[in-house]
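**Q** I'd like to ask you about the structure that follows.
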Ligand code: ADP
């Protein structure tokens with residue numbers, strides 16, 4: 001073997017005995033902190049923590065004739081480095097090559113293949129094994145790389161298709177909102193006419209009772225349809241993000257109490273008591289209409305989903321620059337696994353209220369959106385058969 005060829009590969013090559021005592025350093029091109037010399041143990045270049053492994057390496061060469069690709073820690077530039085050790089048995093002696101990587105050693109072995117030296121024959125066989133293992137690994141790495149590239153391309157295509165479908169969905173949703181808004185708007189006027197005339201006819205004292213009942217039913221049904229249409233208009237406005245916030249300064253307690261009072265007759269009809277407690281006035285700069293809509297929906301639901309002879313407790317308080325509104329009922333309650341869903345549009349957990357009141361499944365989704373629009377939060381706690389508590393926190397100025 002010529003020194004010049006080995007030097008090119010930056011390896012350390014030496015002959016040693018079965019205990020690792022160096023007899024002759026053949027090539028010394030690997031820059032290690034300790035320079036290995038004849039008469040020294042091979043362990044001199046190995047980090048003490050790797051000594052056991054190094055001894056195991058020597059034993060393996062002795063028992064099997066060769067050991068390849070062992071990683072042992074050596075010190076270079078004051079730092080530990082995992083060098084690759086490969087060795088083969090030559091008669092009583094061991095021949096060991098240390099390189100930075102398995103690749104370095106494979107290159108050396110490839111070079112050895114071209115050197116016609118009897119002494120190196122045993123050595124070649126041992127290293128050929130290592131080169132084959134290395135090539136096998138390279139082949140499987142190449143296959144894995146090809147597979148990764150294929151999967152990556154598929155992912156990019158899927159991502160492009162998703163983006164296309166998502167754009168299409170946005171467009172269709174906008175179209176649906178425009179249609180919903182137009183239809184609801186156009187239906188509102190004729191319904192007002194029907195509800196108005198039905199109410200007028202129902203007030204006619206001379207009509208026969210059967211007809212009066214029919215007029216009242218027409219009036220009630222058209223009022224419900226008007227409510228539904230107003231909700232649908234809200235939903236389409238919210239989805240089109242056109243929810244206008246109309247800011248003014250007002251007393252939140254007065255606004256809330258006035259709206260709550262409008263519901264007292266419904267509560268009374270079901271023998272439900274409504275208790276309002278809290279601060280006597282709270283100055284707020286926000287959207288008063290939205291505040292009315294929030295409390296109207298929550299109190300309306302509390303009455304709708306409560307049984308007679310129960311109490312609804314409403315608390316209105318100011319705390320930490322925010323209005324805290326709490327509506328607590330002793331009604332039918334909501335199952336824990338349904339709590340998150342009730343804020344989604346068109347979700348109804350029951351077909352109607354406890355007295356057969358109609359429901360659209362839109363109210364709470366609108367409430368959640370307008371609470372967010374004026375910078376607040378809404379939370380609910382509930383237990384089936386015990387009751388529900390809705391808590392709204394709104395900043396005093398939005
Ligand atoms: P609606 O009351 O018109 O159905 P909401 O969006 O206001 O629509 O409410 C959604 C659903 O949540 C209701 O259908 C009802 O099942 C449930 N829910 C709302 N409020 C209460 C409450 N206070 N107690 C029990 N269930 C309620």
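Bear in mind that the values in this text are calculations on the coordinates, not laboratory data. Owing to the predicted nature of the structure, the values given are computational and were not obtained by experimental measurement. All Cβ positions, even for glycine, are placed from backbone atoms using ideal geometry, and neighbour counts span all protein chains on display.
**Q** Taking springs between alpha-carbon atoms closer than 10 angstrom, which of 136, 257, 164 fluctuates most in the Gaussian network model of the chain?
**A** The residue that fluctuates most here is 136.
**Q** Using only the Cα atoms of the stretch 285-327, what semi-axes does the equivalent ellipsoid have when each is the square root of 5 times a gyration tensor eigenvalue? Give whole Å, largest first. Don't skip to the answer; put the middle values down first.
**A** Working: eigenvalues 109, 37, 5 Å².
For the stretch 285-327, the ellipsoid semi-axes come out as 23, 14, 5 Å.
**Q** While we're here: Take the Cβ-Cβ distance between residue 53 and residue 103 as r, set R0 to 25 Å, and report the resulting FRET efficiency rounded to the nearest 0.05. Spell out each step's value before the answer.
**A** Working: r = 21 Å, r/R0 = 0.85.
For residue 53 and residue 103, the calculated efficiency is 0.75.
**Q** Let me have the 222 nm mean residue ellipticity of the chain computed from DSSP H runs of 4+ only, each contributing -39500 (n - 2.57), with the sum over all residues rounded to the nearest 500. Each step should come with its number before you reach the end.
**A** On the way: 9 runs with 188 residues, N = 398.
Value at 222 nm, helices only: -16500 deg cm²/dmol.
**Q** Given a 10 angstrom Cα cut-off, can you work out which residue in 88, 184, 219 is the most mobile in a GNM of the chain?
**A** 88
**Q** Send over the per residue convex hull volume for the stretch 163-239, Cα only, as a whole number of Å³. Present the calculation step by step, with values, prior to reporting the outcome.
**A** On the way: hull volume 5.3 nm³, N = 77.
It is 69 Å³ per residue.
**Q** Any idea how far apart residue 254 and residue 351 come out in nm if each label point goes 7 Å out from Cα toward Cβ?
**A** Reported label-point gap for residue 254 and residue 351 is 4.6 nm.
**Q** Calculate the translational D of the stretch 189-326 in whole µm² s⁻¹ from Stokes-Einstein, where the hydrodynamic radius comes from the Kirkwood formula applied to all Cα pairs, the temperature is 25 °C and the viscosity 0.890 mPa s. Kindly include the intermediate steps, with their values, before the conclusion.
**A** Details: Rh = 17.6 Å.
The calculation lands on 140 µm²/s.
**Q** Can I ask one more? Between residue 146 and residue 26, what's the calculated FRET efficiency when r is the beta-carbon distance and R0 is 41 Å? Round to 0.05.
**A** Working: r = 40 Å, r/R0 = 0.98.
It comes out at approximately 0.55.
**Q** May I pose another question? Would you look at the GNM of the chain, springs on alpha carbons closer than 10 Å, and say which of 182, 42, 225 moves the most?
**A** Residue with maximal mean-square fluctuation among 182, 42, 225: 42.
**Q** Another one. On a 0 to 90° scale, report how tilted helix 209-239 is relative to the longest principal axis of the chain, with both axes built from alpha carbons and the result rounded to the nearest 10.
**A** In the chain, helix 209-239 runs at an angle near 30 degrees to the longest axis.
**Q** Also, I was wondering about something else. Sorted from largest down, give the three principal axis spans of the alpha carbons of the stretch 248-395, whole angstrom values.
**A** The Cα atoms of the stretch 248-395 stretch 39, 30, 22 Å along their principal axes.
**Q** Let me ask something else about it. Looking at the P(r) of the stretch 12-84, how many percent of alpha-carbon pairs lie beyond 20 Å? Can you show the working numbers first?
**A** On the way: 597 of 2628 pairs.
In whole percent, the long-distance tail amounts to 23.
**Q** With the crude spin-label approximation of a point 7 Å out along Cα→Cβ, what separation in nm comes out for residue 211 versus residue 223?
**A** Between residue 211 and residue 223, the simple spin-label model gives 2.2 nm.
**Q** Please give the helix 288-304 orientation as an angle from the longest Cα principal axis of the chain, in degrees from 0 to 90, rounded to the nearest 10.
**A** Between the helix axis and the principal axis of the chain, the angle is about 80 degrees.
**Q** Grab every C-alpha pair in the chain, bin the distances at 20 angstrom width from 0 up to the longest one, and report whole percents.
**A** 20, 28, 10, 18, 20, 5, 0
**Q** Angle, helix 51-64 long axis vs. longest principal axis of the chain, Cα atoms, 0 to 90°, nearest 10?
**A** Taking the Cα atoms of the chain, the angle to 51-64 is about 60 degrees.
**Q** Could you compute the FRET efficiency for residue 189 and residue 156, with r as their C-beta to C-beta distance and R0 at 56 Å, rounded to 0.05? Each step should come with its number before you reach the end.
**A** Details: r = 52 Å, r/R0 = 0.93.
That gives a FRET efficiency of 0.60.
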